[in-house]
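Q: Here's a structure for you.
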Amino acid sequence: MNQYDVAIIGSGPGGYVAAIRCAQLGMKTAIIEKYTTLGGTCLNVGCIPSKALLDSSHHYEDAVKHFEEHGIEIPGEIKVNLEQMIARKQGVVDQTTKGIEFLMGKNKIDVYHGIGSFKDATHVIIAKEDGEETIEAKNIIIATGSKPSSLPFIEIDKERVITSTEALKLKEVPKHLIVIGGGVIGLELGQVYKRLGADVTVVEYMDRIIPGMDGALSKELTKVMKKQKVKFNLSHKVKSVERKGDEVIVKADDKKGNEVTITGDYCLVSVGRKPYTDGLNAEAAGVKLDDRGRVEVNEHLQTNVSNIYAIGDVVKGAMLAHKAEEEGTMVAELLAGQKPHIDYNLIPGVVYTWPEVAAVGKTEEQLKEEGVEYKTGQFPMRALGRARASMDIDGFVKILADKNTDEVLGIHMIGARCADLIAEGVTAMEFRASAEDISRMSHAHPTFAEAVKEAALAATDDRALHV
Ligand code: FAD
């Protein structure tokens, strides 16, 4: 029987990063993945393929809507070749997952393909295609991730009533895509198909989209997406989703209790994701799950069984790839006797629509609720030369700082390239910068990053320069 210092179940961003860090720290490491490719949800059916389609559809939209104004003429009609678009996306996925295979080899990590289940607290049975194998490990990390969740009355047929996984490989552009759920995944994929020519209606139970983020971001994104002709049915409670031939009929109650019927040809159910522990046989090791099906962990990501840890989407907290990665690193370093720490307040959140939406730290709603005295500095993207040069004028950067100490408490932004710009916010907050600190740093001109400096100037004595 093969013996290891650490065995990791699941090869998503949590699992594979934990494996690399364990190996770097000198531990004999195994990783177990039930699918044939490594990389988990993120690389196979999540972050990477969705961004590939967002980028392709963005190019198409630019070509159709903006090239002429830029003085670029393309003779003949510009058309979508969805088959090629999906094939390119798959190429990106294949390249990326092969990269993880390479990294496993480079770090001398043993990879097992098969379903991993606990035999007891130190043994994992791997159900492989060619039979069962049991391995022994001093420590085990559960990194089994999550799966799309649904509503109890919805039957996902994977043809026309679909989850994000199917939406990443459709064979035709929907005529009318109904998106249930105005969260990150629904909005990103909704925007892909809107750009490719579909009508898109978002049905959301709450009174705003991206409900966890700062209210000002929800408002601005709604405004911009409405301009892009996405329809929103907010405060609508979906009651039924029915398939009739090629039609999908969604019935919902609006705020006043009136029934609304929306008919489309595809319905994307994106109401969140649930932790995945099927087949893991956690009971055999005595590992406890919480009332929401997540593996219960303490602040060291340790389960109730001392040599078993859990990370990523399968535990509490934001379901984000970079959060899973930080946790993977943290557990590896804990096992090596180090004292790592994660500041969960500084895990950024990003929506890769265009304009992009990104945030770190506290929202205004949270500061109000906590009774913190704060001040605000906001700067519109349209006031930047760079924004006008590239015709990306929507959005703003908003900085929230402590009213008394000037320490930055939250940075919220919507606009071009915000997914990358937010890294400055994370860095500033990691080093506990004041708004004044940011306002005195030189930002290259002309860039979108100048909006961060200007928002900081606005937060300190209202002294933004370009508004
Ligand atoms: P996962 O990536 O879910 O990996 C878990 C792995 O464990 C899977 O490969 C699974 O097959 C395997 N597994 C499960 N059980 C077993 C078992 N018993 N034996 C063996 N293997 C097992 N996050 C971002 O930060 N940025 C984004 O842009 C982003 N975009 C997304 C877009 C979409 C459409 C979706 C669906 C998600 C997106 N996410 C994004 C979320 C991100 O994918 C997850 O947060 C991340 O993948 C979680 O990583 P993980 O390692 O915890 O689990």
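The values are calculated or read from the model by the stated rules, or taken from the named source; none is laboratory data. For clarity, every value in this text was computed on a predicted model and none was experimentally measured. With ideal geometry, Cβ positions are generated from the backbone for all residues, glycine too; neighbour counts draw on all protein chains shown.
Q: Just to be sure I understand the filter: pairs with C-beta atoms under 6 Å, separated by 6 or more residues or on different chains, first member in the range 332-346 and assigned to a loop (DSSP other than H, G, I, E, B), second member surrounded by 10 or more Cβ atoms within 10 Å (Cβ to Cβ). Which pairs pass?
A: 336/25; 340/330; 340/333; 342/326; 342/330
Residues checked against (1) touching a helix residue (DSSP H, G or I) at 6+ places or on another chain (Cβ under 9 Å); (2) part of a strand (DSSP E or B); (3) within 12 Å of the ligand (Cβ to nearest atom); (4) of a type in the set (A, V, I, L, M, F, W, C):
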position: 235; (1), (2), (3), (4): no, no, no, no
position: 250; (1), (2), (3), (4): no, yes, no, yes
position: 255; (1), (2), (3), (4): no, no, no, no
position: 261; (1), (2), (3), (4): no, yes, no, no
position: 267; (1), (2), (3), (4): no, yes, no, yes
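Q: Go through (1) more than 21 Å from the chain's Cα centre (by Cα); (2) under 20 Å from residue 51 (Cα atoms); (3) within 13 Å of the ligand (Cβ to nearest atom) one by one and return the number of the condition residue 185 breaks.
A: (1)
Q: Picking from 178, 209, which residue would you name as being more than 15 Å from the ligand (Cβ to nearest atom), under 14 Å from residue 236 (Cβ atoms) and either surrounded by fewer than 24 Cβ atoms within 10 Å (Cβ to Cβ) or in contact (Cβ under 8 Å) with a residue 40 or more places away in the chain (or both)? I'd like the intermediate steps shown before the answer.
A: Details: 209 fails: either surrounded by fewer than 24 Cβ atoms within 10 Å (Cβ to Cβ) or in contact (Cβ under 8 Å) with a residue 40 or more places away in the chain (or both).
Selected residue: 178, the only one of 178, 209 that is more than 15 Å from the ligand (Cβ to nearest atom), under 14 Å from residue 236 (Cβ atoms) and either surrounded by fewer than 24 Cβ atoms within 10 Å (Cβ to Cβ) or in contact (Cβ under 8 Å) with a residue 40 or more places away in the chain (or both).
Conditions (1) more than 21 Å from the chain's Cα centre (by Cα); (2) buried (at least 23 other Cβ atoms within 10 Å of the Cβ); (3) among the aromatic types (Phe, Trp, Tyr); (4) modelled with pLDDT of 95 or more, marked per residue:
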{"site": "13", "(1), (2), (3), (4)": "no, yes, no, yes"}
{"site": "20", "(1), (2), (3), (4)": "yes, no, no, yes"}
{"site": "26", "(1), (2), (3), (4)": "yes, no, no, yes"}
{"site": "52", "(1), (2), (3), (4)": "no, no, no, yes"}
{"site": "61", "(1), (2), (3), (4)": "yes, no, no, yes"}
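Q: Among the residues of the range 284-301 satisfying the criterion of being touching a residue at least 24 places away in the same chain (Cβ under 8 Å) and within 21 Å of residue 125 (Cα to Cα), which is nearest to the ligand (Cβ to nearest atom)?
A: 295
Q: I need the full set of residues from the range 364-388 which are of a type in the set (Asp, Glu) and farther than 20 Å from residue 219 by Cα, in order please. Quick ask: steps written out before the conclusion?
A: Within the range 364-388, the first condition is being of a type in the set (Asp, Glu), and the residues that meet it are 364-365, 369-370, 373.
Listed by number, the residues that qualify are 370, 373.
Q: Is one or more of the residues making up the range 105-121 within 11 Å of the ligand (Cβ to nearest atom), more than 30 Å from residue 333 (Cβ to Cβ) and not hydrophobic (A, V, I, L, M, F, W, C)?
A: Checked the range 105-121: no residue is within 11 Å of the ligand (Cβ to nearest atom), more than 30 Å from residue 333 (Cβ to Cβ) and not hydrophobic (A, V, I, L, M, F, W, C).
Q: Moving to a separate point now. When residue 191 is evaluated against the numbered criteria (1) within 16 Å of the ligand (Cβ to nearest atom); (2) without any contact (Cβ under 8 Å) to a residue 24 or more places away in the chain, which criterion, by number, is the only one it fails?
A: Every listed condition holds for residue 191 apart from (2).
Q: Here is a further query. Quickly run through the range 31-69 and pick out the residues that are among the polar types (S, T, N, Q) and near the ligand (Cβ under 6 Å from one of its atoms).
A: To start, the set of residues in the range 31-69 that are among the polar types (S, T, N, Q) comprises 36-37, 41, 44, 50, 56-57.
Selection gives 41, 50.
Q: Just one of 310, 358 is in contact with a Leu (Cβ under 8 Å, 6 or more places away or on another chain), more than 27 Å from residue 215 (Cα to Cα), within 12 Å of the ligand (Cβ to nearest atom) and touching a residue at least 60 places away in the same chain (Cβ under 8 Å); which is it? Break it down into steps so the answer makes sense when it comes.
A: Details: 358 fails: more than 27 Å from residue 215 (Cα to Cα).
It is 310.
Q: Another one. Which one of these is at positive phi, touching a residue at least 40 places away in the same chain (Cβ under 8 Å) and surrounded by 13 or more Cβ atoms within 10 Å (Cβ to Cβ): 264, 197, 215?
A: Values: 264 fails: at positive phi; 215 fails: at positive phi.
It is 197.
Q: Next question, about the same structure. Would you confirm whether any residue within the range 66-74 is at pLDDT 95 or above, surrounded by 11 or more Cβ atoms within 10 Å (Cβ to Cβ), over 25 Å from residue 130 (Cβ atoms) and among the hydrophobic types (A, V, I, L, M, F, W, C)?
A: yes
Q: Identify the residue in the range 131-176 that is of a type in the set (Ser, Thr, Tyr) and not in a loop (DSSP other than H, G, I, E, B) and, among all such residues, is nearest to residue 329 (Cα to Cα). Steps first, answer last, please.
A: At the first step, the residues of the range 131-176 found to be of a type in the set (Ser, Thr, Tyr) are 134, 144, 146, 149-150, 163-165.
Subsequent filtering for residues that are not in a loop (DSSP other than H, G, I, E, B) retains 134, 146, 164-165.
Numbers: 134: 26, 146: 19, 164: 28, 165: 27 Å.
Here the answer is 146.
Q: How many residues does the range 218-238 hold that are without any contact (Cβ under 8 Å) to a residue 24 or more places away in the chain and of a type in the set (Val, Ile, Thr)?
A: Within the range 218-238, residues that are without any contact (Cβ under 8 Å) to a residue 24 or more places away in the chain and of a type in the set (Val, Ile, Thr) number 1.
Q: A follow-up question, please. Just to confirm my filter: which helices (runs of 4 or more DSSP H) fall fully inside the range 10-129 and include at least 1 residues that are aliphatic (A, V, I, L, M)?
A: Correct list: 13-24, 40-45, 47-65, 82-106.
Q: Another one. Assuming residue 284 fulfils every condition listed in (1) in contact with a strand residue (DSSP E or B) (Cβ under 7 Å, 6 or more places away or on another chain); (2) surrounded by 20 or more Cβ atoms within 10 Å (Cβ to Cβ); (3) farther than 28 Å from residue 434 by Cβ; (4) hydrophobic (A, V, I, L, M, F, W, C) apart from one, which condition is it?
A: (2)
Q: Going by the structure shown, is residue 318 within 13 Å of the ligand (Cβ to nearest atom) and surrounded by fewer than 16 Cβ atoms within 10 Å (Cβ to Cβ)?
A: Numbers: within 13 Å of the ligand (Cβ to nearest atom): yes; surrounded by fewer than 16 Cβ atoms within 10 Å (Cβ to Cβ): yes.
For residue 318, the condition - within 13 Å of the ligand (Cβ to nearest atom) and surrounded by fewer than 16 Cβ atoms within 10 Å (Cβ to Cβ) - is met.
Q: Here are some conditions: (1) buried (at least 20 other Cβ atoms within 10 Å of the Cβ); (2) within 12 Å of the ligand (Cβ to nearest atom). Residue 330 meets all but one. Which one does it not meet?
A: (2)
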